[in-house]
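Undergrad: Can you keep this structure in mind? I'll have questions shortly.
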Amino acid sequence: MRKTTLLYGFIAALCWNACGKSTHDPSPKEPPVVDSRSLREQYSSSWYQWPKAEWYDGVTAKELAALPDNPSVADPALITLGKALFFDNRLGNGGNSCASCHNPETYWHDQKKVATGIGTHHRNTPTMENVWYLAGNLFHDGRATTYMDQIAEAIESPIEMGGNLETLPWALQQIKGYTPLFTQAYGDAHITKERILEAIATFSKTISSEATPFDAFIQGQYSALNDQQLSGLHLFRTKGKCINCHNGPFFTDLQYHNLGYAVDWDGKLDHGRYEATKQETDRGKFRTPGLRNIANTAPYWHNGEIATLHEVIDLLNRGMPHTGRQKVNGKLSELVRPLQLTAAEQQAIIAFLQALSSDVPQMEKPVLPE
């Protein structure tokens, strides 16, 4: 009896040891998001042969696309004048210029939570890159429908530049260096507020982002995205549902959506698109931002409330939960739904977003007229 017991014990020990060796992993790893080889085969073709994107009902399907050429065409002399005005801190009353918030060295953004000029704004500064694409959708709430309207508001805003467009032409006339610039642009030295605004608007529309690894990939350089970025592209179009709002060449549908997080830095509700239309259905809505160079223009949201891309993806993955001082103002968009992305899948999407980055803009600042 004792020998039988010992034999069974010995056999059990051998089985336990063998099982332990076959299943124990001292450093378990999360499995790959997708089969990278299979995925690369599926995406190594023209975009219309890619796996089908996952669209929500009611959304107009618009596939991702490569960076297009900027169609803005203007007299170089007018652009030169507009560039000087854009960088000139004498247009306002607080020593700041358009370029103070829209700095080319930081992708035409100020990288601050909210814009600061003469005072502190209640909204985050949007980048000026590719602003030509936003015609009729300027500012976070689309309240400016022309570039001249947008620039006029920025110049005269008491918390931005604090200028006066009625007296600005006279002030510029006192700067002799502007005489030849206006003459070259308009044929005479007459300075008006309309000419000032037109010149700045013309220069603004020349501001474009540069090509990215994604553009190289979609144009046939299929090694331009690594495996993680490629997985992120696939998830962006499918399980992550990102493409429903972020589509086309600039990754924006140019529509307005309510994602919540409506409380400003000072605790007040921001009514968003409602301020422009006075339509109750627009309360709390903001324009979908484009995603080119999104990795370089933190913090995020109209109020700068979200510091990192990781936080953005995490919140969207959880269906934009609202806790603490943040709450929904109006009706949360029906496109906001829990996604059940794993940690690895979220990181893959972030890696793809980083592949939408281009080089730092090479913009030589003008010598200001004296």
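Undergrad: Got a number for residues in the range 98-116 being surrounded by fewer than 22 Cβ atoms within 10 Å (Cβ to Cβ) and touching a helix residue (DSSP H, G or I) at 6+ places or on another chain (Cβ under 6 Å)?
TA: 2
Undergrad: Restricting to the range 238-265, and then to whatever is touching a strand residue (DSSP E or B) at 6+ places or on another chain (Cβ under 9 Å) and not in a loop (DSSP other than H, G, I, E, B), can you tell me which residue is modelled with the lowest pLDDT?
TA: Here the answer is 263.
Undergrad: I would also like to ask the following. Which one of the conditions (1) of a type outside the set (Ser, Thr, Tyr); (2) surrounded by fewer than 21 Cβ atoms within 10 Å (Cβ to Cβ); (3) touching a Gly at 6+ places or on another chain (Cβ under 9 Å); (4) not in a loop (DSSP other than H, G, I, E, B) does residue 152 fail to meet, given that it meets all the rest?
TA: Checking residue 152 against (1) of a type outside the set (Ser, Thr, Tyr); (2) surrounded by fewer than 21 Cβ atoms within 10 Å (Cβ to Cβ); (3) touching a Gly at 6+ places or on another chain (Cβ under 9 Å); (4) not in a loop (DSSP other than H, G, I, E, B), the one that fails is (3).
Undergrad: Take the residues of the range 117-137 that are open to solvent by less than 60 Å² (accessible area, probe 1.4 Å) and more than 14 Å from the chain's Cα centre (by Cα): which is nearest to residue 304 (Cα to Cα)?
TA: 123
Undergrad: State the number of residues belonging to the range 293-310 that are modelled with pLDDT of 95 or more and touching a Gly at 6+ places or on another chain (Cβ under 9 Å).
TA: Matching residues across the range 293-310 total 1.
Undergrad: Now for a separate question. Condition test on residue 206, is it buried (at least 19 other Cβ atoms within 10 Å of the Cβ), under 24 Å from the mean Cα position of the chain (by Cα) and among the β-branched types (Val, Ile, Thr)?
TA: So residue 206 fails the test.
Undergrad: State all residues of the range 266-313 that are of a type in the set (Phe, Trp, Tyr) and assigned to a helix (DSSP H, G or I); if no residue qualifies, say none.
TA: 274
Undergrad: Which pairs have Cβ atoms under 7 Å, sit 6 or more apart or on different chains, and link a residue in the range 137-151 that is at positive phi to one that is crowded, with 17+ Cβ neighbours inside 10 Å and aliphatic (A, V, I, L, M)?
TA: From residues that are at positive phi, the pairs are 142/276.
Undergrad: While we're looking at this one, here's another question. Would you check if there is a residue in the range 33-41 being open to solvent by 50 Å² or more (accessible area, probe 1.4 Å), part of a loop (DSSP other than H, G, I, E, B), free of Cβ contacts under 8 Å to residues at least 40 places away in the same chain and more than 28 Å from residue 211 (Cα to Cα)?
TA: Within the range 33-41 (the criterion being open to solvent by 50 Å² or more (accessible area, probe 1.4 Å), part of a loop (DSSP other than H, G, I, E, B), free of Cβ contacts under 8 Å to residues at least 40 places away in the same chain and more than 28 Å from residue 211 (Cα to Cα)), the answer is no, since none of the residues qualifies.
Undergrad: When you scan the range 333-370, how many residues do you find that are under 21 Å from residue 245 (Cβ atoms), open to solvent by 50 Å² or more (accessible area, probe 1.4 Å) and over 18 Å from the mean Cα position of the chain (by Cα)?
TA: Summing the residues that are under 21 Å from residue 245 (Cβ atoms), open to solvent by 50 Å² or more (accessible area, probe 1.4 Å) and over 18 Å from the mean Cα position of the chain (by Cα) in the range 333-370 gives 4.
Undergrad: Let me ask another. Given the criteria open to solvent by less than 60 Å² (accessible area, probe 1.4 Å) and not in a helix (DSSP H, G or I), does residue 231 qualify?
TA: no
The values are calculated or read from the model by the stated rules, or taken from the named source; none is laboratory data. The structure presented is a predicted model; accordingly, all values stated were derived computationally and were not measured. FYI the Cβ positions are ideal-geometry reconstructions off the backbone, even for glycines, and counts take in every protein chain you see. Accessible surface areas use protein heavy atoms only, side chains included; no ligands, DNA or RNA. Shrake-Rupley method; radii C 1.70, N 1.55, O 1.52, S 1.80 Å.
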